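Only the coordinates and a few stated rules stand behind these numbers; no lab work does. Nothing here was measured: the structure is a model prediction, and the numbers come from that model. Cβ coordinates were reconstructed from backbone atoms using ideal geometry, including for glycine residues, and neighbour counts include every protein chain displayed.
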Amino acid sequence: MLRRIVHFFLIAVIFLPVAVLLILSFSEHWIFPDVLPENFHRQTWLRLFSTESELRQSLGLSIVVSLCVAFFSTLMGCILSRAVSTSRYKKYYISLAYLPYILSPVVLGVLWHYFAVVIGLNASFIGVVSAQFLICFPFGFIILSSFWTRHISNYEELSITLGSSEWFRFKKVIFPLAKPVLGLCFFQCFLISWFDYGLTQLIGGGQVKTLTLSVFNFINEANIFLAALASLLLVIPPMTLLFFNKKIILKRTLIH
C-alpha cells in the first residue's frame, strides 16, 4: 500500500506541471481565484501550425541546433577519447576536459563572445552551435573516455589477431559495444543544448531565436498561454528521447 502511495505521489509530481501547461495551452482566460479557465479553444495550437508561426520556426531551429551540437560533440568525443585512450597522459587530458566547468559556462561564453565578434560568428547559427559545442564536447569526451577500457582493448586485439580490417573491427566489434554509451552521450549533449538559454542569448544576440528564448519572451510579454505551449514543446522531445533511451538500455540489459 505504501509503495502504491509513493508511486502515485511521484507520478503526480512529475505529470502535474505538464497537465497545468496543457490546460493553459488550450485556455483563453484564467482569472484568479477560478480553479479552471473560463473557456477552452484551439487558437493557440493553431498558431503553431501556421506557415509564418514564430513558435514553429523556433521549434525547428532548436531541433536543428541541438541535433548538430549532440552529433558533433559525440563524434569528436568518440574520436579524441579513442586517440588518448592509450596515452600515458590520459588522466591529464580528462582533467583538462573539466576546465570549462571550472570556469563556468557563463565565463566561457563571455570569452567565446569576444572571438565570435572578431571572426564574425556572433548573432549567427554557426556561432551558437560552436558556443554550445565548446560546452558539450568536453562533457562527451569525459563520458566516452570511460568506454575505452582494457576489456575493449582485448576485443580489438582479438579481432586483429583474427585478421579483421579496421572498418570491420569498428562496425562489428567496437560500435555494437559502444552503442549504449554513444546513445547516452548523444542524449545528454542534446539536453544541454536543448535547454540552453544563456549562451544562445549571448552569442546569438537575440537573432537566433530558439525555443528557450521564445519561452522567456512570452513570459516577459505576460502571454502565459503561448508560454505554456512553448514550454510543452520544450519538454516533449526530451521526454520522448528519455523514453526511447530507457527502452534501449533495458532491452540491452535483458539480452545480457
With respect to Phe115, determine if the residue is within 19 Å of the chain's Cα centre (by Cα), in a helix (DSSP H, G or I) and at negative phi.
no
Filtered residue count, the stretch 46-93, keeping only those that are part of a helix (DSSP H, G or I) and under 27 Å from Pro238 (Cβ atoms)
31
Condition test on Phe72, is it closer than 30 Å to Leu229 by Cα and among the aromatic types (Phe, Trp, Tyr)?
yes
Just give me the residues in the stretch 7-47 being over 14 Å from Asn223 (Cα atoms), of a type in the set (A, V, I, L, M, F, W, C) and exposed (fewer than 10 other Cβ atoms within 10 Å of the Cβ), in sequence order.
Val13, Phe32, Val35, Leu36
Checklist (1) outside any helix (DSSP H, G or I); (2) in contact (Cβ under 8 Å) with a residue 24 or more places away in the chain; (3) among the small types (Gly, Ala, Ser) applied to Ala222, failing item
(2)
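Being aliphatic (A, V, I, L, M) and within 11 Å of Ile203 (Cα to Cα) is the filter; apply it to the stretch 109-123 and report the residue that is surrounded by the fewest Cβ atoms within 10 Å (Cβ to Cβ). Give the derivation first.
Filtering the stretch 109-123 down to residues aliphatic (A, V, I, L, M) leaves 110-111, 116-119, 121, 123.
Right, trim to within 11 Å of Ile203 (Cα to Cα) and you get 110-111, 116-117, 121, 123.
Working: Val110: 15, Leu111: 12, Ala116: 23, Val117: 14, Leu121: 19, Ala123: 15.
It comes out as Leu111.
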Within the stretch 189-219, count every residue that is crowded, with 21+ Cβ neighbours inside 10 Å and in a loop (DSSP other than H, G, I, E, B).
3
